[in-house]
Each structure stands twice: as structure tokens, then as C-alpha cells.
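Structure record follows, encoded as C-alpha cells.
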Amino acid sequence: MQITLNNKFYTHNNSIKPKLSFGVRLKPPLKEDTITFCGNDDLLNAAPKLIISRIESAIRDKNNCLGEGCEGTVYSIPQTDYCVKIPHSAAHKKKLNFKKFFSLQITEEDKINHVKAHLGDGIVLMKKINGRTLVSCSDNIDDLASFPVSSFREFLKQISEAHNKNMFFDAINGNIIINNKNRSITAIDFVPENSFTCYDDFLPLRAMYYSLVDLNTDSKNRRLIADKILNAALEELKPGNIPCLDISEFDFGDFISIIDTDYDKNVYSKIESLLLLKDMEISGKNVKHKLVCLYREIKKLLHK
């Protein structure tokens, strides 16, 4: 991995939240999914004719509707771990032409968005994700704030993997599914990066924060969530770890500037030094002792 270090940190007005206007926003929010199976057969192993029949049956029952957004309506396919999205451009048709096209060939972009198959009229079959959108369970923000740092780190890796494939996460509450059982945080809507012409900077920590908190989140939970996002990113810089992003792409400066916390004033400068040391480690220089000491020092400051 080639590292190009750019010690440029962005500072934004703390009162301004970037308004991202792309992607699926579900109204009403997705319901919590309870999935049951009839045997161990995977729907995708069935013949296309049977798959299409199951989809047609699913969308005839309004009880299977998981939510409606600006792009289309999503329906659960009962007794499977899949759902189907019917785009608005096709929904007005008296009879959807499922049979016009069916393909299990998917792109890297499809994989990031949990797409498993394409059908006629722009219909897509997707993996159903157990849990609820953060919008639909905002009363349970205490649960999210109690998730371990590892949950937030996996969330960061998901955003980073998408970015490395030129996909951008639309950072809104409605595009997050949390699962209290396995304590996972899953992003469900990514678009090509060039779609965000109004928002050029890639700021992953900011995106995480604004997708997990809103105006109704109390100060205690804001601080807990901010702490875990920061610690998740620092885990990527831990001695010996291979970061999920180029060193220059970690937006620590911007992140610290937008969150309403009282971090030690030395935290930012020490993180900046940590980034430099991590870059040296990646390039093959022996800075392990310095990196370990500084990493531990920052962790202590964060726990004050």
C-alpha cells in the first residue's frame, strides 16, 4: 500500500452539518425483521421462475412492506433472508416485467449495497439485514452507545472499503441498521462518489458521527458515541495494525472540531504525531517503541 501523507486537517463550523441528499430514505422506517426458514435451501439456488414467483407473491401482501424511500419500495420475501426493492419508475406499471431480465451477475458496487440479483424493470433482490434502522429505534440510543469499540471499528471498515471502491456512504440515520443481538452497525446505502458533487471531502469519522446521532441525542450519549468512533479509528493506528485507509484520509482534526466534547487540548497534536509515526512504520522504519508509547499516552488522555 502506498501512503501519501498529507497533514491537512479540515476545520468546519461546529454548527454546520453537511446535508447529504442522496440515497434511500425510508418512510416509514424499516421494521425489525424476524426471519424464519423452511429448511436450509437458499432462494438464490432456486430456478429463476420460482424466484420470480416468490417475489410476485411477496409484493402482493402489504404486510411484507419494509419501507418506502425516494428510490423505491422494499418488501420482505417471507421465509427467506432476502428482500426486493421495486423502483418508483417501475411501481406504477400495472404488471411488472420481472421476466424481461434476470441475472445473478453483480458488480463490486452491488456487493457493497447488499444486492444479490437484478431483474427486469430495474428491480433488485437484496440481502435482508436483521435489525432496525436507527431512525426506528431512536429511543434505544442507549443501546447503541453501549456497543463495544469493535462494533464502531467494523462500521468504519465498511465505509472505508466502499471508499476504496469509489463509493460514498450517505450519512443519515435512516441508512443505518443496528442489531442489538450481535451489536452490529451496518450501513445500507452507498452511491458513486461523483454523485456527491456538493460534498467533495471524504470525512469518514464525521460521516459515522452524523449517521449515529441527531438533534434528539442527549449529551451523554453523544460523548459516548464520539469516544467510541475516535477509539475505533485509533485502533487502526495501533502498532502492527494495517490501517483500513491511507494515513492522510483519517479526518481526526475535522472530527474533533465538530463534536461537542471537552477532550484534552493536547489530544489533537498528539494524534497528528501518531499519524506521522504510523506512516514511518508502514514505510519500514523502526519506530515501534515511540509508536507504542505515544499510542498509550493518547489513550490515557481520552480516558481522563
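Within region 235-267, track down each residue that is over 25 Å from the mean Cα position of the chain (by Cα) and surrounded by 15 or more Cβ atoms within 10 Å (Cβ to Cβ).
Pro239, Tyr263, Val267 - these are the residues of region 235-267 that are over 25 Å from the mean Cα position of the chain (by Cα) and surrounded by 15 or more Cβ atoms within 10 Å (Cβ to Cβ).
Touching a Phe, Trp or Tyr at 6+ places or on another chain (Cβ under 6 Å), at pLDDT below 75 and closer than 24 Å to Thr133 by Cα, is that true of Pro18?
Yes, satisfied.
Out of region 119-166, which residues are acidic (Asp, Glu) and within 21 Å of Leu203 (Cα to Cα)?
Glu154, Glu161
Every residue, every condition in (1) under 16 Å from Val149 (Cβ atoms); (2) touching a helix residue (DSSP H, G or I) at 6+ places or on another chain (Cβ under 7 Å), yes or no:
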position: Pro204; (1), (2): yes, yes
position: Ser211; (1), (2): no, yes
position: Thr217; (1), (2): no, yes
position: Asn221; (1), (2): yes, yes
position: Asp254; (1), (2): no, yes
position: Lys265; (1), (2): no, no
position: Ile282; (1), (2): no, no
position: Leu294; (1), (2): no, yes
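Yes/no per residue for (1) closer than 25 Å to Asn179 by Cα; (2) touching a Cys at 6+ places or on another chain (Cβ under 6 Å); (3) surrounded by 15 or more Cβ atoms within 10 Å (Cβ to Cβ):
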| residue | (1), (2), (3) |
| --- | --- |
| Leu203 | yes, no, yes |
| Leu215 | yes, no, no |
| Arg222 | yes, no, yes |
| Asp227 | yes, no, yes |
| Ala233 | yes, no, yes |
| Leu275 | no, no, yes |
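The values are calculated or read from the model by the stated rules, or taken from the named source; none is laboratory data. Bear in mind that the values here come from a model prediction, so they are computed numbers and not experimental data. Cβ atoms come from the backbone with ideal geometry, glycine included; neighbour counts cover every protein chain shown.
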